[in-house]
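Okay, so here's the structure we're looking at.
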Amino acid sequence: MEGLKFYARLLWRPPRETLLFALRTVAAGLLTLYLAFLFDLEQPKWALMTVVIVSQPLAGMALKRSFAQVLGTFAGAVVAVLIMALFAQQPLPFFVALGLWLALCTAGGTLLRYTDSHAFVLSGFTAVIVAVLSIPDPENTFMLAVVRVTETLLGVACVALVSLLSARPQAVAKGYFAQVDGLIRSTARHAAAVIRGDEGDESFNQRQMQLVASITALDGLRRHLYFDAPNLRRADGLVQLLGNLLVLMASRLLLLRQHRLLVRAHWVGPLPADIQALLDRALRVLDALAEQGRAVPSEVLEEFQAVRQAFDAAATRAESYDEALSPALRPQVAILRWEYARLFQRLGEVLELNDAIQSGRQASSFYRRGQAQALHLDWALASMNAVRAFVALSCAAWLWITSAWNGALSSLLLVGVMCSLMATFPRPLLAAQNFLRGLLLAILISAALLFVLLPASADFEWLALWMALLLYVVAVGLSSPLSAGIAMGIGLETLLMVAPQNIAVYYSNASQWFEFVGGFLAAAVLAVLVFALVYPFRADPRLRRLLYLSRQDVAEMSRCEASEAQRFAFETRMIDRLAVMVGLLPASQEPAAAERFQCALGCVVMGVALNRLREPLHDAGVVPLELQPLLGEALREVAAYIAGGADARGRTSPWPPCGVSAGAWRPCWRSRRRTSGRRGSASS
């Protein structure tokens, strides 16, 4: 019910951007409806449904989704014609072939992201729609496919036209940079809290999750900037690298905090005066960045480099025995100071990249360009969603074949839409339940339109007015992920049940409405049951599996070729995986879920560091020839440890089973350090 309450509040007081998006959607919908009647299209509802599906808050999002809609609709229509041509008089192979195509497209929509995913989803349920609607008249399948594609193209063209006319590139770029600036400020505040050590585990974990969620949302926005902000399109490589650096910062802060806790646990007495003064100096710089963001004066930026150099010098003093430290503590202190230096180095690179993007110049940092972005491909989840789609469509087909009920035929349409579309959500069962809530509201709205409002005014102008109000309500809901499922249910199902059509009577009759209600309710309940019973959604096993895959990737980074391209692909794949984990965390029931997320976040910087260690393996100028085999063996042992296997000496991994908290494995680390310290020079 929280989604409905949020939806009601959003309708009552929509933000300015939501209101503008709703007005664009209404304009595109009215233009589509007018042209559909002008061109004498038989079923304008399909063109209006295209407007609902394609409309997005940003013009770039809408244009990219429009392109995917055209590709998916065309492919689905072609497949529907082929299936009908092969199995027109054979119900069993007909529905098996249709179910397999829907399953394949659902799997593709699960594996991919954004517009690529949308093209697969559209291809799946378009084939179902065209094939099912052709059952009463198989010989007319090709013409029906042509009509559906034409109606889709009309809706896409109207949305694209309105989006282009209302696009505001400067406003989009300004909003993007405002989000980046907010992220930089949040990162600076987070880093200052880590250095002060005044955060508990729960507060730290919450801040980390919020930071990663904001970074992944920013990366999702970046993919749609090609049409909205041309200046950002030209700097896309730097924009990608900026997101990667921000995630690396969050990952490094996690390891920095763990190392700080480790050193503090063994440190006796106050810190040296020079180190305390350096920490105070670092906090002043971070506080200034947190308060002013990119607008910090040049003196503060120069101080970044000075603080980094001071921490590097302090780390060198610890390594060179210039300070009185115990053998076990000396390497830990040196590493901690080195981590402080890297923190300020990365922050400086983030600021430089951000400034380079905004000013339209090339960055002079080590990171100069981005490559093709890698994604986390979840084949297991794609297979499960494919099975769900096939089972749901098969059950609906069995109901129609055994009952010969026309309502069951209409239920096939909704089953195809729900099982392919809802599978792309992080929590498909919750999305299907929200869609069902939207369907229940659509029944009430369509009843009011069909039996009260439309009969009282039998002309196009009144039909356009009611459709405009409907599109406004739907667009407001589509502007937020919390209400998008409900809004989609209201929009699609109301249009299907009212069915605006270009004949003497502009809408469905009562018998058709009751048939639609029965069929759609049966389909929605069936889809919800399939999502609940076939591979039930469980967040914790998926979180454990994602952490396991992250560990395997880290181990692979210690074995693969050392290159910037490998590290970039690893970083982007981990960002995608972390985004999935952020979506799963609210549904987790296990206390260790937050620690799993932190371990996966720590894998980012560990994988990059291990891959960099491979660079000197074949360089005698860096590592002597006699030491290169030892370094290679050490990397192999670390890879086995992290992956969860055994190293070359038969020792099992010290990493805990997936999900053991950071607090649980810190003492193990400390005990190993204490043991190594008793061995004398081994720790040095």
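The table that follows gives values for the structure above.
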item	result
Among (1) aliphatic (A, V, I, L, M); (2) over 17 Å from Thr32 (Cβ atoms); (3) assigned to a helix (DSSP H, G or I), the one test that Ala458 misses	(3)
Some residue of region 343-354 being out of contact with any Cys (no Cβ under 8 Å at 6 or more places or on another chain), part of a helix (DSSP H, G or I), of a type in the set (Lys, Arg) and crowded, with 19+ Cβ neighbours inside 10 Å	yes
Residue match in region 264-271 (condition: in a helix (DSSP H, G or I), of a type in the set (Lys, Arg) and surrounded by fewer than 12 Cβ atoms within 10 Å (Cβ to Cβ))	yes
Tally, over region 578-593, of residues that are surrounded by fewer than 22 Cβ atoms within 10 Å (Cβ to Cβ) and within 19 Å of Leu253 (Cβ to Cβ)	3
Residue in region 245-268 that is free of Cβ contacts under 8 Å to residues at least 24 places away in the same chain and of a type in the set (Ser, Thr, Tyr) present	no
Residue satisfying all of: in region 278-301; at pLDDT below 85 and in a helix (DSSP H, G or I); surrounded by the most Cβ atoms within 10 Å (Cβ to Cβ) among these	Gly293
Filter pass, Ala523 being under 30 Å from Ala464 (Cβ atoms), buried (at least 20 other Cβ atoms within 10 Å of the Cβ), of a type outside the set (Ser, Thr, Tyr) and modelled with pLDDT of 90 or more	yes
Check on Val96, touching a Leu at 6+ places or on another chain (Cβ under 9 Å) and closer than 23 Å to Trp400 by Cα	no
Selection from region 385-436 of residues that are out of contact with any Cys (no Cβ under 9 Å at 6 or more places or on another chain) and aromatic (Phe, Trp, Tyr)	Trp398, Trp400, Trp405, Phe425, Phe435
Matching residues in region 532-581 - criterion: being over 12 Å from Gly607 (Cα atoms) and of a type in the set (Lys, Arg)	Arg538, Arg542, Arg544, Arg545, Arg577
Candidates Val79, Val26, Val70 - the one that is among the β-branched types (Val, Ile, Thr), under 18 Å from Leu144 (Cα atoms) and more than 25 Å from the chain's Cα centre (by Cα)	Val79
Only one of Leu218, Leu183, Leu211 that is crowded, with 16+ Cβ neighbours inside 10 Å and modelled with pLDDT under 85	Leu218
Restricting region 304-357 to residues that are modelled with pLDDT of 85 or more and among the aromatic types (Phe, Trp, Tyr), the residue that is farthest from the chain's Cα centre (by Cα)	Phe311
Scope region 129-180; condition assigned to a loop (DSSP other than H, G, I, E, B), surrounded by fewer than 19 Cβ atoms within 10 Å (Cβ to Cβ) and of a type outside the set (A, V, I, L, M, F, W, C); matching residues	Pro136, Asp137, Arg168
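Yes/no per residue for (1) among the aliphatic types (A, V, I, L, M); (2) more than 28 Å from Ile83 (Cα to Cα); (3) under 25 Å from the mean Cα position of the chain (by Cα):
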site: Ala127; (1), (2), (3): yes, no, no
site: Asn140; (1), (2), (3): no, no, no
site: Val149; (1), (2), (3): yes, no, no
site: Ala160; (1), (2), (3): yes, yes, yes
site: Val172; (1), (2), (3): yes, yes, yes
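The values are calculated or read from the model by the stated rules, or taken from the named source; none is laboratory data. What you are looking at is a predicted structure, and each value in this text was computed from that prediction instead of being measured. Positions of Cβ are backbone-derived with ideal geometry, glycine not excepted, and every protein chain shown enters the neighbour counts.
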